[in-house]
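Remarks on the structure that follows.
The values are calculated or read from the model by the stated rules, or taken from the named source; none is laboratory data. What you see is a predicted model; the values in this text were computed from it and never measured. Cβ atoms come from the backbone with ideal geometry, glycine included; neighbour counts cover every protein chain shown. We work out accessible area using only protein heavy atoms, side chains counted, and drop any ligands, DNA or RNA first. Shrake-Rupley method; radii C 1.70, N 1.55, O 1.52, S 1.80 Å.
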Amino acid sequence: MQDEAVSTPGPVRRWRAEPGASPRAIIAEHGQALTRVEALTDDVLRVRVTPTEQLAAEASCQQGYQQGWKEGWEQAPPLRAGRLTAEERDGLVHLKTDRLQARLDLESGAISPVSPEGLAYASDLGAVHWRQIERDEVSAIAPALAAALAQQADTAWPAGPARTGIWLQKGLDQQEGLFGCGQRFGPLNRRGQRLAHWTTDINSPGLGLIDGCLYQSHPVLLGLRPGLAWGLMLGSSWYSHFDLGAEQPDALGLFTLGGELDYYLFAGPTPAAVVEQLTRLTGRPALPPIWALGYHQSRWGYRSDTEIRALADSFRARRIPIDAIHLDIDYMDGFRVFSWDRERFPRPRETIDALHERDIRAVTIIDPGVKREPETERTHLSDPSVPRHSADPADPADPADPRIGCLGRPGNGKPRDPQLAAKGSSSLTGKADAASQ
């Protein structure tokens, strides 16, 4: 980091409680920044720091969530706003709800949460820092982002918030384990690693080898030490990463592009409480169908209808319980989503029916990326006679068919067909094939 280019908020010039019958937030005005601390609930604190005079607009997903619980969605429990009291003494603003406490340092802007038992956790080791990131620095600061940029034809580096990097360090207890961060390789305790939140498929030098990047980004941490569990979620859709003691063993580092630091602290004090607080904020998953909780066979490389059927027969012949088989991108026509390779899977409907006859669900993977083929797209749009990549109308293998496994699709939770159930075994019940008994 180039010290001469680094900016910090500076001392707090003045602070105020946001107006309202039940105060839930304070605004601190610095010489070069604005800090807002909000008690979303009595056990969830949201902290936002911006180098500008105005905080970014709220994300539409948060507005949608609030609308969801108003309309009675079971997965969106209501957020009961916390009541935040604030008192200035000894150079600190002491913040308190019924479930948590924190201190805001008026000199540096550092925030130090404290548990009701007096245990400090996730305390800022200093002020927030920010500066402009130049294009030639990306490989050192954000290797995962650099690898993704290298695959793009347009290497232009955008101006504005996109190149404003923000850093913050928080202290770690010697006995603190750090868990979470979503789909990653390696041990459950992430301490000692640096993990980027940048969903990308980087094959070189190897999948998951650049700051742990894989197919999902979950900037959520669970801190756990004797007597206390707490949580942190970074609210950024820009490139970001956690340094979990890799650079400095006793420090948790947060970094994000985007020009604003926005994070949530969960007071715990148990792992179960942290998960409850997190899902109270983000929404909770719908209750899955019973079959989704069973054993699923999933592997890249099942390349034909014949191989899929042989796999299903092998499970049944060996009396290994199974509830679903996943088809990876191999079933697609040239890796195009919503398509079938008609040479290797000539009759998709029959493939799916064959699995159902064995009481096995089929889950066909769908990637979020759509293959870019300008020439093919123009041909298909201009000439109706050119066959599409979608399924043959005579054998649609309709993705909306409730028999095809899609965890979020209504109808998948219906009871198992007794006639089908008699032909196979579920990994939940463990009942063997009727023919084998």
remark   = Counting only protein heavy atoms with a 1.4 Å probe and every protein chain in place, the carbon and sulfur fraction of the accessible surface of region 245-288 in whole percent equals 65 percent
note = Here region 182-193 yields Karplus 3J(HN,Hα) values (6.51, -1.76, 1.60; θ = phi - 60°; whole Hz; Gly and Pro given as x) of x, 6, 9, 7, x, x, 5, 7, 7, 4, x, 9
note = Simple SL model, points at 7 angstrom along Cα→Cβ for residue 156 and residue 349; separation in nm is 4.9 nm
task = Between residue 136 and residue 83, with labels modelled 7 Å along Cα→Cβ, what's the label distance in nm to one decimal, could you check?
result = 5.8 nm
ask   = With the dipole of region 141-241 worked out from charges on the C-beta (+1 for Lys and Arg, -1 for Asp and Glu) around the Cα centre, which of 180, 145, 200 lies farthest toward the positive end?
value = 180
task = Classify region 155-310 as rounded, prolate or oblate from the Cα gyration tensor: take a ≥ b ≥ c as the square roots of its eigenvalues, call it rounded if a/c is under 1.5, otherwise prolate when a/b beats b/c and oblate if not.
result = oblate
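First compute the accessible area of region 130-169 with a 1.4 Å probe, then give the percent of it belonging to carbon and sulfur atoms. Kindly include the intermediate steps, with their values, before the conclusion.
Values: 1060 of 1940 Å².
Here carbon and sulfur together make up 55 percent of the probe-accessible area.
Subtract the Cα-Cα distance of residue 14 and residue 174 from 0.36 nm times their separation in residues, and report this length gain in nm to one decimal.
Values: separation 160, 0.36 × 160 = 57.60 nm, distance 3.54 nm.
That pair, residue 14 and residue 174, stretches by 54.1 nm at full extension.
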query = Tell me, what ³J(HN,Hα) does each residue in region 311-320 have, in order and in whole Hz, if you take phi through Karplus 6.51 cos²θ - 1.76 cosθ + 1.60 with θ = phi - 60° and put x for Gly and Pro?
reply = 4, 4, 4, 5, 4, 5, 4, 8, 6, 9
task = Putting +1 on Lys and Arg Cβ atoms and -1 on Asp and Glu Cβ atoms, find which of 218, 277, 306 reaches farthest to the positive end of the dipole of region 167-311.
result = 306
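Once fully extended, how much extra length lies between residue 247 and residue 276, figured as 0.36 nm per residue of separation less the alpha-carbon to alpha-carbon distance? Working shown, then result.
On the way: separation 29, 0.36 × 29 = 10.44 nm, distance 3.11 nm.
So the extension gain works out to 7.3 nm.
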note = Residues whose modelled amide H sits under 5 Å from the amide H of residue 324, counting only those 5 or more places away in sequence or on another chain, are 297, 361
